[in-house]
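Student: Below you'll find the structure I mean.
The values are calculated or read from the model by the stated rules, or taken from the named source; none is laboratory data. All of these numbers come straight from a predicted model, not from anything done at the bench. Heads up, the Cβs are rebuilt from the backbone with ideal geometry, glycines too, and the neighbour counts pull from every protein chain shown.
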Amino acid sequence: MMGRSYMTVRALVLIVTLLVVVEYFSLLQSAENADKRGPVVFKLLEPGDRVGYSRHVLQVVDPAMYRVDRVVDKMVNNTTTISIVIPTISTGNLTSVPSSNLPQCSMIPPNLHGKFPVLVNDIPSMDDMSSQFPGLELGGRWSPKDCQAKHKVAIIVPYRDREPHLRAFLLNIHRFLQRQQVEYGIYIVEQSGNQPFNRAMLMNVGAAEALKQHAYQCFIFHDVDLLPEDDRNLYTCPIQPRHMSVSIDSFLYRLPYDDIFGGVSAMTVDQFRAVNGFSNLFWGWGGEDDDMANRLRVKKLFISRYPANIARYKMLKHGKEKANPERFKYLYSGAKRMSRDGYNSLKYKKVDFMLKKLYTWVLVDLPHLKP
Ligand code: NGS
């Protein structure tokens, strides 16, 4: 009798333990679609480290790193110097009637080259380069002259202190985009000062500034060091958010993990608004793109991709950046915060703004915002 009830208690303890373990793993919502092909490997990923295939970034880190133990109060700069920017997002209509008499551009642009040699040597000065693109309007804007573009795209580039990369980027991207017959503008959003780089916040600023200027339909968020190698990789507005930099030469043209959304990615204005843009809290390298992937999942949006043999990029060489030690904490708690941390809480001080020949330049001071 005693033996039987002892067994029952043991069985109950076992069941409760199992339930706790199951609950714990289900809380790791970001890893919900764990790769079926292999066991989860926990390893701290440093900038530039490459690991085997994983579904989500949280599969390659120690879970202890993303527990929220304490919220560090790092707070706010003098708000009187900061312009609060909560622009109304105008929604472009992809099916709108053309406003000119030109015929609509064809779905498949006629002058594509496919794979083409990316230019990385002997990049001209900005002035010399400008004369290579006589069709550009001020601010690095362009639209096809003999047809009505189907897509109005703002290319948003978070930037600081990489002038040679910027020249190479501009030379390649203008040539590339003009073959694709999209209407576009290039926005270089530069962070002033020496604080850690806040890529995501710069992208929010870029979206706000671009929409103040024109009724863009979508954004392509673009690292300055990535140069597309194949012009069939169309920079059009996506149906579902599109991760564009699928295969990069320095990663041996392999996707590091399935939910990656960094490098180059495209979202419509509506999709961007639905997820409240990017988090403003990621200072330093890493995690902000994974946070966006989580936001997309919460809003039931899916990451789409072109085939890897087309969505190919060359990465320009640069040193490793310092990883943000807090990225896992903010990543793990991101879904809870997304309605109040993002585009609707964005603040920045616009230090300078200029419509240059090859691009629109926005120089900003970014404040630390409350989590
Ligand atoms: C992950 C980062 C992402 C980053 C990706 C690829 O580990 O932000 O590596 O980086 N996530 C975290 O650190 C949480 S790359 O090798 O391209 O520099 O985009």
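Student: Tell me, please, whether a residue that is crowded, with 24+ Cβ neighbours inside 10 Å and within 16 Å of the ligand (Cβ to nearest atom) can be found in region 173-193.
Tutor: no
Student: Would you tally the residues in region 218-265 being more than 10 Å from the chain's Cα centre (by Cα) and of a type in the set (Val, Ile, Thr)?
Tutor: Within region 218-265, residues that are more than 10 Å from the chain's Cα centre (by Cα) and of a type in the set (Val, Ile, Thr) number 5.
Student: If a residue must be among the basic types (Lys, Arg) and either without any contact (Cβ under 8 Å) to a residue 40 or more places away in the chain or within 14 Å of the ligand (Cβ to nearest atom) (or both), how many such residues does region 298-312 contain?
Tutor: Number of matching residues: 2.
Student: Hey, another quick one. Please enumerate the residues belonging to region 276-294 that are more than 14 Å from the ligand (Cβ to nearest atom) and either surrounded by 24 or more Cβ atoms within 10 Å (Cβ to Cβ) or more than 17 Å from Arg340 (Cα to Cα) (or both).
Tutor: Within region 276-294, the first condition is being more than 14 Å from the ligand (Cβ to nearest atom), and the residues that meet it are 276-277, 280.
Within region 276-294, Gly277, Asn280 qualify.
Student: Any chance you could count how many residues in region 313-355 are polar (S, T, N, Q), within 15 Å of the ligand (Cβ to nearest atom) and out of contact with any Phe, Trp or Tyr (no Cβ under 9 Å at 6 or more places or on another chain)? I'd like the intermediate steps shown before the answer.
Tutor: Just the residues of region 313-355 that are polar (S, T, N, Q), to begin with: 324, 333, 339, 344-345.
From what's left, within 15 Å of the ligand (Cβ to nearest atom): 324, 333.
Narrowing the set further to residues that are out of contact with any Phe, Trp or Tyr (no Cβ under 9 Å at 6 or more places or on another chain) leaves none.
Qualifying residue count for the region: 0.
Student: Is there a residue in region 134-151 that is touching a residue at least 60 places away in the same chain (Cβ under 8 Å), in contact with a Leu (Cβ under 7 Å, 6 or more places away or on another chain), part of a strand (DSSP E or B) and under 20 Å from Leu211 (Cα atoms)?
Tutor: Looking through region 134-151, none of the residues is touching a residue at least 60 places away in the same chain (Cβ under 8 Å), in contact with a Leu (Cβ under 7 Å, 6 or more places away or on another chain), part of a strand (DSSP E or B) and under 20 Å from Leu211 (Cα atoms).
Student: Quick test for you: out of Ala293, Ala323, Ala335, pick the one residue that is under 18 Å from the mean Cα position of the chain (by Cα), modelled with pLDDT under 95 and not acidic (Asp, Glu).
Tutor: On inspection, the qualifying residue turns out to be Ala335.
Student: Could you list all residues from region 243-275 that are part of a helix (DSSP H, G or I), polar (S, T, N, Q) and either at pLDDT below 95 or within 13 Å of the ligand (Cβ to nearest atom) (or both)? Step through it out loud before you land on a result.
Tutor: Within region 243-275, the first condition is being part of a helix (DSSP H, G or I), and the residues that meet it are 249-251, 269-274.
Now narrow it down to the ones that are polar (S, T, N, Q): 250, 271.
Selection gives Ser250 alone.
Student: Give the residue that is farthest from Asp289 (Cα to Cα), with candidates limited to residues of region 318-360 that are in a loop (DSSP other than H, G, I, E, B) and in contact with a Ser or Thr (Cβ under 8 Å, 6 or more places away or on another chain).
Tutor: So, considering only residues that are in a loop (DSSP other than H, G, I, E, B) and in contact with a Ser or Thr (Cβ under 8 Å, 6 or more places away or on another chain), the one farthest from Asp289 (Cα to Cα) is Lys357.
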